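The values are calculated or read from the model by the stated rules, or taken from the named source; none is laboratory data. All of these numbers come straight from a predicted model, not from anything done at the bench. Note that we place each Cβ from the backbone using ideal geometry, even for glycine, and neighbour counts take in every protein chain shown. To get the accessible areas, we keep the full protein, side chains included, count just its heavy atoms, and leave off ligands, DNA and RNA. Shrake-Rupley method; radii C 1.70, N 1.55, O 1.52, S 1.80 Å.
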Amino acid sequence: MIDKNEVLKAVETAIEGTDLFVVDVEVSPAKSIIVEVDSPENIDIDTCTSLTRKIEELLPAELEDYDLEVGSAGLTSPFRVRGQWEKNVGNEIELLTADGRKLTGVLASLGEDDFTLEYQVKEKLPGKKRPEMVTKSERIPLENVKKASYLLRFK
């Protein structure tokens, strides 16, 4: 069986000096390796191809007959690592909290172990007949997030 830590070490060495970061590494018993990376910028196919070659050079020679797939984290993929949170500060995200709330808003800031989400809600304001849209700002601990992802909107 291929050791996931060996693969991870090879990937980290291959991306050294770039703005790429590892999102996930999967190693299956069927000798299939899937590496998912991301970057603050867009990742193109040439970057993935180049990274594949570098990883193959860094993996031990005794590994044989394995399939290596290198790709970028999809736009709507859930956030798995801090780099994805950092990349999306200022963007609209969708999240599900541990207490079951589904929120959509702008990731306004990111702290060490929490973040600020700004979102719109309808609220009846004093002296008004109808509810109006109001912007709320809420600090949410990262540990209270079940799932978060970039919100893709088509215009």
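Roughly how many Å² is the accessible area per residue of the chain, as a whole number, for a 1.4 Å probe?
Each residue of the chain exposes 65 Å² on average to a 1.4 Å probe.
What are the extents of the Cα atoms of segment 1-64 along their three principal axes, in Å, largest first?
For segment 1-64, the Cα extents along the three principal axes come out at 34, 19, 18 Å.
Hey, with R₀ at 35 Å, roughly what FRET efficiency would Glu69 and Ala108 work out to, going by the Cβ-Cβ distance, to 0.05?
FRET efficiency, Glu69 to Ala108: 0.50.
Would you mind checking the tilt of helix 4-15 against the longest principal axis of the Cα atoms of the chain, expressed as 0 to 90 degrees and rounded to 10?
80
What's the extension gain from Asp19 to Asn144 if we count 0.36 nm per residue and subtract their Cα-Cα distance?
42.2 nm
In the set (1) 39, 35, 32; (2) 58, 40, 24; (3) 75, 29, 28, which value of Cα extents along the principal axes in Å was calculated from the structure you see?
Step by step, Cα extents along the principal axes in Å for this structure corresponds to label (3).
Could you give the size of the charge dipole of the chain about its Cα centre, using +1 on the Cβ of each K and R and -1 on the Cβ of each D and E, expressed in debye and rounded to the nearest 20?
1660
Carbon and sulfur: what percent of segment 3-148's accessible surface (1.4 Å probe)?
Carbon and sulfur together cover 46 percent of it.
Normalised by the residues of segment 6-155, what does the relative contact order come to in percent, with Cα pairs under 8 Å and at least six apart?
Worked out over segment 6-155, it gives 19 percent.
For helix 45-58, what angle does its Cα long axis make with the longest principal axis of the chain, in degrees from 0 to 90 and rounded to 10?
50
Determine, for segment 101-146, the count of lysine pairs separated by eight or more sequence positions (or lying on different chains) whose alpha-carbon distance falls under 23 Å.
8
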